[in-house]
Amino acid sequence: MRPLIVWRFSDGKAGHDNQSLGLVEALARLIPIEVVQPQVLLPLAALGGILSSRPSAWKGLPSPDLLLGAGHATHLSLLAARRSRGGKAVVLMRPTLPAYLFDLCLIPEHDGIAPRKNVVVTRGALNRIRPSDVQERGKGLLLVGGPSAHFGWDAKALHEHVAAIVDADADVDWTLATSRRTPPDFLEDWPVAPHARLTVVPVEDAGPDWLPSQLARAERAWVTADSVSMVYEALTAGAAVGVLPMPQHRASRISRGIDDLVAEGWVLPFADWRRDGHLRRPPGTFNEAERCAHGIVERWFQ
């Protein structure tokens with residue numbers, strides 16, 4: 001069987017690359033593939049390619065069987081590539097262009113799009129994490145985000161929540177990691193000295209492979225409510241996941257997605273944990289990249 005030729009378009013944004021790479025890696029575990037990363041065309045050049053069917057930017061590349069892109073900047077290039085070189089065009093996340101233009105759209109359910117023939121609804125955005133079988137008893141992660149369009153920031157309350165979690169179980173060693181959105185003074189303004197069982201890793205000290213390796217080993221993880229992508233990554237790894245509250249500006253698709261996970265028993269809010277002190281494992285396997293990869297193979301490449 002010759003390798004499936006996959007063109008993966010990238011807009012250079014880490015979050016979008018995390019999604020398309022997660023799908024590519026899941027496909028590679030199912031069938032032989034060869035991955036090409038073609039140039040993303042500027043909008044006018046891509047439109048010209050759609051109309052003329054002959055964009056010159058991709059001469060010399062092997063003809064694709066599958067075209068993948070995450071991020072609005074990739075959408076026109078996906079369509080131009082399909083027009084000129086063939087293949088099935090798959091877009092990740094809700095496209096700005098009409099969904100019917102693509103062969104398949106993989107859209108998180110919090111975007112409110114109903115499934116249809118060319119739309120598969122996913123639990124959150126796809127990611128590169130895999131279910132782990134090397135979790136270590138007594139290892140916990142605390143993953144801290146920061147202010148966003150949907151959430152504010154309360155460092156004092158977050159310090160108190162972290163202290164309560166660390167103090168609750170003497171058999172657990174915790175690692176707290178910040179993110180690019182975490183205000184710099186969060187680590188400087190601890191009300192008391194950090195706990196002996198708490199290791200702090202600032203975002204600048206964590207390389208690109210740090211979080212996947214930590215999630216593979218953690219049996220439990222707490223994630224701030226603004227960091228929805230890390231909630232789904234922790235679930236995919238198979239950790240017991242709790243959600244730390246953040247001041248919410250208004251109800252949003254992000255908060256609704258977390259609410260659905262709470263209602264179905266996938267994650268536990270901090271307030272509920274305070275009442276019974278027990279963080280439960282997920283009720284099942286959570287691996288959306290693998291599920292979507294299987295669906296693509298069954299749909300077109302049996």
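When 136, 25, 288 are ordered from fewest to most other Cβ atoms inside 10 Å of their Cβ, what list results?
Lowest count first: 136, 25, 288.
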How many percent of DSSP beta bridges within the range 136-276 run antiparallel, rounded to 5? 5 percent
At residue 262 and residue 1, where each label point lies 7 Å from the Cα along Cα→Cβ, what is the point-to-point distance in nanometres? 4.3 nm
So how do 285, 74, 122 line up by other beta-carbon neighbours within 10 Å, fewest first? 285, 122, 74
Filter the GluC sites (Glu not before Pro) in the range 155-250 down to the DSSP loop ones having no more than 16 other Cβ atoms within 10 Å, then list what survives. 188
Arranged by the count of other C-beta atoms within 10 angstrom, fewest first, what order do 141, 211, 51, 68 take? 51, 211, 141, 68
Taking the dipole about the Cα centre of the chain, with the C-beta of Lys and Arg at +1 and of Asp and Glu at -1, give me whichever of 64, 96, 195 is farthest to the positive side. 64
Rounded to the nearest 500, what is the chain's calculated 222 nm mean residue ellipticity when only DSSP H runs of at least 4 contribute -39500 (n - 2.57) each, over all residues? -10000 deg cm²/dmol
Within the chain, which is the longest segment that contains none of the trypsin sites (Lys or Arg not before Pro) sitting in a DSSP loop with at most 10 other Cβ atoms within 10 Å? 181-249
Can you tell me how the range 61-134 classifies by the Cα gyration tensor, rounded, prolate or oblate, using a/c under 1.5 as the rounded cut? oblate
Working only with C-alpha atoms, what are the Rg and Dmax values of the chain, expressed in angstrom? 20.9, 67
Work out the count of Lys pairs in the chain where the Cα-Cα distance is under 26 Å, with the pair 8 or more places apart or on different chains. 5
Signed unit charges on C-beta, dipole axis of the range 136-276, positive-most listed residue 163, 144, 245: 245
Cα gyration tensor of the range 136-276, axes a ≥ b ≥ c as square roots of the eigenvalues: rounded (a/c below 1.5), prolate (a/b > b/c) or oblate? rounded
Charged-residue dipole, Cβ positions (Lys, Arg, Asp, Glu), the range 136-276 about Cα centre, Debye nearest 20: 300 debye
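Between residue 133 and residue 285, what length in nm is gained on full extension when 0.36 nm per residue of separation is reduced by their alpha carbon distance?
Here the segment from residue 133 to residue 285 would lengthen by 53.5 nm.
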Rounded to whole angstrom, the alpha-carbon centroid of the range 1-52 lies from that of the range 93-113 at a distance of 17 Å
Angle, helix 228-237 long axis vs. longest principal axis of the chain, Cα atoms, 0 to 90°, nearest 10? 90 degrees
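Since every read-out is calculated from the coordinates, none of them should be taken as a lab result. Quantities reported herein were computed from a predicted structural model and do not represent experimental measurements. Note: ideal-geometry Cβ built from the backbone for every residue, glycine included; neighbour counts use all protein chains shown.
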